């Protein structure tokens with residue numbers, strides 16, 4: 001089984017994409033088909049909801065609610081401990097803390113902002129993740 005912390009920007013990109021073969025779309029499809037189990041916490045669910053409901057994206061409340069519910073019921077909630085790592089964007093910290101608080105070697109952090117995180121072989125863009133795990 002593959003587990004992943006999915007950065008909000010991956011979801012936004014997938015939902016905005018008009019290309020079914022886009023890496024972010026493929027990642028979201030693999031989450032929805034249970035090939036990837038999302039790792040999360042309440043902070044991340046709240047961020048997903050707040051960001052996806054921004055009027056500039058035009059996603060319907062119903063669609064966002066369905067997606068959030070899917071993550072809530074199919075994801076694994078991870079308890080985190082604070083880290084002393086300072087990231088470029090403090091909003092990325094919950095994603096990094098979940099990633100660092102799992103001992104699972106099949107766990108990844110998938111992000112479109114790879115430069116915002118410390119260099120780590122399992123912190124990957126959507127395309128690099130798909131190429132790495134061969135799903």
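Coordinate-derived values only; no laboratory data. Since we're looking at a predicted model, the values are computed, not measured. Positions of Cβ are backbone-derived with ideal geometry, glycine not excepted, and every protein chain shown enters the neighbour counts.
Couple of notes before you dig in:
- The mean of 1/r over all distinct Cα pairs in the chain, once inverted, gives the Kirkwood hydrodynamic radius of 14.9 Å.
- With neighbours defined as other Cβ atoms within 10 Å of a residue's Cβ, the residues 129, 77, 71, 95 order from fewest to most as 77, 71, 129, 95.
- With a Förster radius of 22 Å applied to the C-beta separation of residue 56 and residue 131, the computed FRET efficiency comes to 0.10.
- Each of 21, 91 has some number of other Cβ atoms within 10 Å of its Cβ, and from fewest to most they run 21, 91.
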